[in-house]
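The values are calculated or read from the model by the stated rules, or taken from the named source; none is laboratory data. On a predicted model such as this, the values are computed, not experimentally measured, just so you know. Positions of Cβ are generated from backbone atoms using ideal geometry, with glycine treated the same way; all protein chains shown enter the neighbour counts. Ligands, DNA and RNA are stripped out before the accessible areas are found, and what is left, the full protein with its side chains, is counted by its heavy atoms. Shrake-Rupley method; radii C 1.70, N 1.55, O 1.52, S 1.80 Å.
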Amino acid sequence: MREILFRGKRTDNGEWETGSLVAIRAGCSDEQIYITDKMTGYNTPVRKETVGQFTGLIDKNGTKIFEGDIVELGITYEISYIQKYTRFAGRNSGCIFSSLPFDKVRVIGNIHDNPELLEG
């Protein structure tokens, strides 16, 4: 069974927070997005546009691959969403593709911290 896990950048200091996703809308106010720590139950506010779900895949170094991560296998790819446990769709020079050998790729960054990795 795939682990359900999310990641997002904290609103207070820009650090990454990992845990469960919580969305709260009080009355007519804007929706607030939080990542909840499994151990403490503490809700940390995160920037909505940075939230990505764990894909259930791990790179060759044992790093969990999240939506928005940039992986490398000779060519750089952006992980955009998961179709099944072993397939994904992503972006490389505007092309949509699927099926990479995830045991051979490595996470080299993400679209929020390293957008320059997708240039050129």
Ranked by how many other beta carbons lie within 10 Å on average, peptides 30-41, 2-13, 45-56 from highest:
45-56, 2-13, 30-41
Candidate aspartates and glutamates for bridging to Lys104, where Cα separation is under 13 Å - those fewer than 8 sequence places away on the same chain excluded:
Asp59, Glu72
Round to a whole number: what % of the accessible area of the stretch 1-42 belongs to carbon and sulfur, probe 1.4 Å?
52 percent
Cα pair distances in the stretch 1-53, grouped into 10 Å bins until the bin that holds the longest one, percent each:
27, 53, 18, 1
